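Note sheet for the following structure.
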Amino acid sequence: MRVLISGYYGFANAGDEALLSGMLRALERAGPVEPTVLSADPEGTRRLHGVPALDRRAWGAIWRTLRERTDLFISGGGGLLQDRTSRRSALYYLGMIALAQRAGVPVYLYGQGVGPLASRGLRLVARRVLSGVAGAGARDAASAGLLRALGVPAENVTVTADPAFALRPSDPAEKAALLEEFGIPWGRRPLLGIVWRSPYVERRRRPERAAGDPLRRAVVEAAAAFARAIDARTVVITLQPGVDDAEGNAVAQALADAGGRVHRPAGAVDHRTLRTLVEAMDLNICVRYHGLVFSALGGVPAVALAYDAKVRHLAEELGLPSLSLTGGGKANSAALTAALTDALHGLWREASGISSRLRRRVGALRERALSEAKRCLALGNAAPRRRNGPA
């Protein structure tokens, strides 16, 4: 089956590249497929994933590919259909779905985290477009409910898992080699990872002007106190070079100023390297959704800082604690510091049992992620083809 895949690919975001890797792995296991990926960096996607890629804005080439060389269009995975960051992005992905439908190609929504969709106009567009899809996999129950409310036939919506859960965890030798490469001693002292992104970045606001400093300070104070208590080294990890670098450096500097042993791996690293790094920690603090996924893949206990409902939903699925990132006032910051410190100590006391439970839960999520590919191809095969646009 010839499959064209649309998502947030080619932007050097480790989470999205990891879910694409997981999706490709699951599709290859499910049956013979010939995938092509729409990407902001087609050459980078070809090099990283070993599959053909097209420029995501090359409308003529995309239309010809849909008309002549596509049996199924996949939109996903991840949080494509939401207007928390921007309406323009959601309209792009809905537009791609509509283009595939215009070309008579069945559409499957793969591993989607849907919402929020606060704009009434965007919800109307989504309802019109999504009612015609062949099927959908939602990575949480809230997303599945929203897809049904937007007109996707209920019998064609299922709760699945983030596609990145289809990936295999890194082995100990990979983790040891990577830590050595970055000059991080392994096995001498515990490693506390902080997978950081300012919660204000995706809202296009500068953190220091949007109460980001008090939130950052609260996390740094808790992490520094905990690291001192267990004699740990702290590793600050960011998942999207360029976007997150300045904030990651600020967190690392604040931890160093507090007297901690801090490591800040830098340079152009791919999603595999970053995933292995998160898995190599003994404990993680995760703002990023896929930081939490990577931590779980490695069986590493983590506390989620839930700037968005998707992070809270995943933490609940994994049985891990989550703390809400709300305001940046002194009272809220002090409460966050205290709650995060307590959560870290609780995870550390129960680390062995939590790791065992995580591996069992991740095993179930991996089965769901792999099963989605089979369901996707089955629904794609069963859907009618209508070639009703001009060639």
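Scanning the stretch 111-133 for residues that are in a loop (DSSP other than H, G, I, E, B) and either farther than 17 Å from Asp71 by Cβ or open to solvent by less than 20 Å² (accessible area, probe 1.4 Å) (or both) gives Gly113, Val114, Gly115, Pro116, Leu117, Ala118, Ser119, Ser131, Val133. Residue-level analysis places Thr65 outside the set of residues that are surrounded by fewer than 19 Cβ atoms within 10 Å (Cβ to Cβ), in contact (Cβ under 8 Å) with a residue 60 or more places away in the chain and farther than 23 Å from Phe165 by Cα.
Kindly establish whether Ala224 is open to solvent by less than 60 Å² (accessible area, probe 1.4 Å) and over 24 Å from the mean Cα position of the chain (by Cα). It is true that Ala224 is open to solvent by less than 60 Å² (accessible area, probe 1.4 Å) and over 24 Å from the mean Cα position of the chain (by Cα). Taking the listed residues Leu27, Leu19, Leu54, Leu66, the one that is closer than 17 Å to Lys374 by Cβ and touching a helix residue (DSSP H, G or I) at 6+ places or on another chain (Cβ under 9 Å) is Leu27, with no other qualifying. Here Leu215 does not qualify as crowded, with 21+ Cβ neighbours inside 10 Å and assigned to a loop (DSSP other than H, G, I, E, B).
Got at least one residue in the stretch 360-382 being over 19 Å from Met23 (Cβ atoms), open to solvent by 50 Å² or more (accessible area, probe 1.4 Å), within 22 Å of the chain's Cα centre (by Cα) and at pLDDT 95 or above? Yes.
Going through (1) touching an Asp or Glu at 6+ places or on another chain (Cβ under 9 Å); (2) open to solvent by 10 Å² or more (accessible area, probe 1.4 Å) one by one, Gly78 falls short only on (2). Note on the stretch 265-281: residues that are open to solvent by 60 Å² or more (accessible area, probe 1.4 Å) and either part of a helix (DSSP H, G or I) or at pLDDT 95 or above (or both) total 1. Of all residues in the stretch 219-229, those satisfying the criterion of being out of contact with any helix residue (DSSP H, G or I) (no Cβ under 6 Å at 6 or more places or on another chain) and either outside any helix (DSSP H, G or I) or not small (Gly, Ala, Ser) (or both) are Val219, Arg228. Every test in (1) within 22 Å of Ala224 (Cβ to Cβ); (2) without any contact (Cβ under 8 Å) to a residue 60 or more places away in the chain; (3) hydrophobic (A, V, I, L, M, F, W, C); (4) open to solvent by 10 Å² or more (accessible area, probe 1.4 Å) is passed by Trp348 save one, and that test is (2).
The values are calculated or read from the model by the stated rules, or taken from the named source; none is laboratory data. From a predicted model like this one, the values you see are computed outputs, not experimental measurements. Every residue, glycine as well, gets a Cβ built from its backbone with ideal geometry; the counts of neighbours run over all protein chains shown. Surface areas here come from the heavy atoms of the whole protein model, side chains and all, with no ligands, DNA or RNA. Shrake-Rupley method; radii C 1.70, N 1.55, O 1.52, S 1.80 Å.
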